[in-house]
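Participant: This structure is in structure tokens; I'll ask about it shortly.
The values are calculated or read from the model by the stated rules, or taken from the named source; none is laboratory data. Bear in mind the structure is a predicted one, so any value in this text is a computation, not a measurement. Note: ideal-geometry Cβ built from the backbone for every residue, glycine included; neighbour counts use all protein chains shown.
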Amino acid sequence: MIGDIVTGASGATLGIAAGVGAVALLRKRFSKKKIEGRTPHTTFVLSGNLKQTSLLDAIQFLEIGKRQGIMHVYSGRRKGYLTFIAGRVVDAFYRNQTGREAVFSMLDLEEGDFYFEPRIVAQPKLIQESILDLAFEWDARKK
């Protein structure tokens, strides 16, 4: 009986050690890698339909996650984009509008699709306001 307890205890110890080793290997394998000392590589993807998810909600989700890349917005044959750096919208284009006015026009869209493309963005910040400030101004304009 004592032999069974010792064998069981040593088996449990080996199992725990194997589990810890497996977790360490998985952490090492799935850890974020630096690309030339810049931003971490990510396979994050966000896409949706504007009837199901408002563009403002999608933008806020990216802001909270401090994502970097380009959100493509499609409405019929028209296409726009929002550029994100560290979760902040820094530039936008829709139809013949740029900057804040383009953001306001895209926030008005009720139909269409969006797709976020994670990528390294190197451009000046043409929009200085936070999305919350822009949303308040957009809402005030609608009234």
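Participant: Which one is farthest from Thr98 (Cα to Cα) among residues in segment 120-143 that are of a type in the set (Lys, Arg) and part of a helix (DSSP H, G or I)?
Facilitator: The residue in question is Lys142.
Participant: So which residues in segment 54-87 are in a strand (DSSP E or B), over 20 Å from Gln128 (Cβ atoms) and of a type in the set (A, V, I, L, M), if there are any at all?
Facilitator: Of everything in segment 54-87, just one residue is in a strand (DSSP E or B), over 20 Å from Gln128 (Cβ atoms) and of a type in the set (A, V, I, L, M), namely Val73.
Participant: Regarding Leu134, is this residue in contact with a Phe, Trp or Tyr (Cβ under 6 Å, 6 or more places away or on another chain) and either at pLDDT 90 or above or hydroxyl-bearing (Ser, Thr, Tyr) (or both)?
Facilitator: No; evaluated as a whole, the condition is false for this residue.
Participant: Only one of these is farther than 24 Å from Ile120 by Cα and out of contact with any His (no Cβ under 7 Å at 6 or more places or on another chain): Gly76, Gly69. Name it.
Facilitator: Gly76
Participant: Check Gly65, Gly87, Gly80 and return the single one that is modelled with pLDDT of 95 or more and surrounded by 13 or more Cβ atoms within 10 Å (Cβ to Cβ).
Facilitator: Sole residue among the options that is modelled with pLDDT of 95 or more and surrounded by 13 or more Cβ atoms within 10 Å (Cβ to Cβ): Gly80.
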